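Here's the structure we're looking at; comments come further down.
The values are calculated or read from the model by the stated rules, or taken from the named source; none is laboratory data. Remember, it's a predicted structure, so these values are computed and weren't measured experimentally. Methodologically, a virtual Cβ is constructed for each residue, glycine included, from the backbone with ideal geometry; neighbour enumeration extends over all protein chains shown. Just the protein is used for accessible areas: all its heavy atoms, side chains included, with ligands, DNA and RNA removed. Shrake-Rupley method; radii C 1.70, N 1.55, O 1.52, S 1.80 Å.
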Amino acid sequence: MWTATTVEELRRLRASTPGSVALVPTMGALHAGHVSLFEAARADGHAVMVSIFVNPTQFGPNEDFDRYPRPLEQDLAACRHAGVTGVFRPTVDEIYPPGQLECLVTVPVLADILEGAHRPGHFAGVCRVVAKLFNLVQPDVAYFGQKDYQQLRIIEAMTQDLAMPVRIVGRPTVREPQGLAMSSRNAYLTAEQRRQALAIYRSLGKAKNLVEADRERDPSVVESAMQWVLRENGLQVDYAVVRDARALAPLQRIEPRGLDVVALVAARVGNVRLIDNMVLKPPMNT
Ligand code: PAF
């Protein structure tokens, strides 16, 4: 497995890689969710390239950029073990050379709601770095986890609207046995907070039951029930909503027209902010 830290090295190594290339962009602190993306990409027959870059432009001023975990040796071992072909792990100056004028790519309809409303500028930072990584690596396909559901929708919209020659593959969220979604930020949780955080998965399960088994059609009923589960377990709720699964627009009613809806949660356990989601399928025959 090669590693590259500069754009020049990356371009050289990329040029000498034959066949179809998959990129899995990451911020490191790799867990089973990331590994499942590497494995899926390999199983689909691609040479797998992984970027490890904690991207400063997607963090707000009071967020966890400085303390974000950076276990590089462990991450490289995980990549090697998963059969990754190459890892690009640039410095901040390599990606954002000092003095270079900033370019912004954004998908306003999706970028300013939910995560975007709570983390202003976050998705502009994500789009900027992902577009740049696509230009540098020139992958045929890129794999992302559905855990970051809004991010996945935005990257799909960006690549479609700007005709980027990269196919986007979204892969299912990988969960711990009791349901907690794998996330690099789980490393911040104490044992007690980890137990509390399970309420996020329970609140999504509650939404699924209400919509799919009880055939509840009023989004506000489902959202209140989700929020209740979270608050009862001491979580602070940023949002717990049911939205249309594509544009993430609010719904008047949950209509069983074959269109999926998605339940999305962002909540804090102590000062650890976690997000999760679940796609719901309202049954047709009501
Ligand atoms: O999902 C992440 O880890 C990041 O947002 C990404 C896509 C690697 C961009 O920095």
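Note down the nm distance, to one decimal, between modelled labels 7 Å out along Cα→Cβ at Q252 and at Q138.
So the label points at Q252 and Q138 sit 5.0 nm apart.
With point charges of +1 on the Cβ of Lys and Arg and -1 on the Cβ of Asp and Glu, referenced to the Cα centre of region 71-175, which listed residue (V174, A117, Q100) lies farthest in the positive direction of the dipole?
V174
Where in region 231-262 does the amide nitrogen come within less than 20 Å of the point 7 Å from the Cα of R195, taken along Cα to Cβ?
Under cut-off, by backbone N: 231-236.
Assuming R0 = 35 Å, can you tell me the calculated FRET efficiency for the pair Q236 and A163, based on Cβ-Cβ distance, to the nearest 0.05?
Numbers: r = 41 Å, r/R0 = 1.17.
It comes to 0.30.
Which percent of the accessible area of the chain is formed by carbon and sulfur heavy atoms (probe 1.4 angstrom)?
With neighbouring chains kept in place, the figure for the chain is 51 percent.
By a straight-distance test (C-alpha under 12 Å), which aspartates and glutamates pair with K208 as possible cross-link partners, with residues fewer than eight away in the same chain excluded?
List returned: E216, E223, D260.
Given a 1.4 Å probe, how much area per residue of the chain is accessible, in Å²? Could the numbers behind the result be given before it?
Working: 13550 Å² over 286 residues.
Counting only protein heavy atoms, the per-residue value for the chain is 47 Å².
Suppose every K and R has +1 on its Cβ and every D and E has -1 on its Cβ; what is the size of the dipole of the chain about the Cα centre, in Debye to the nearest 20?
Using only the charged Cβ atoms, the result is roughly 420 debye.
DSSP beta bridges in the chain, what fraction antiparallel, as a percent rounded to 5?
The answer is about 50 percent antiparallel.
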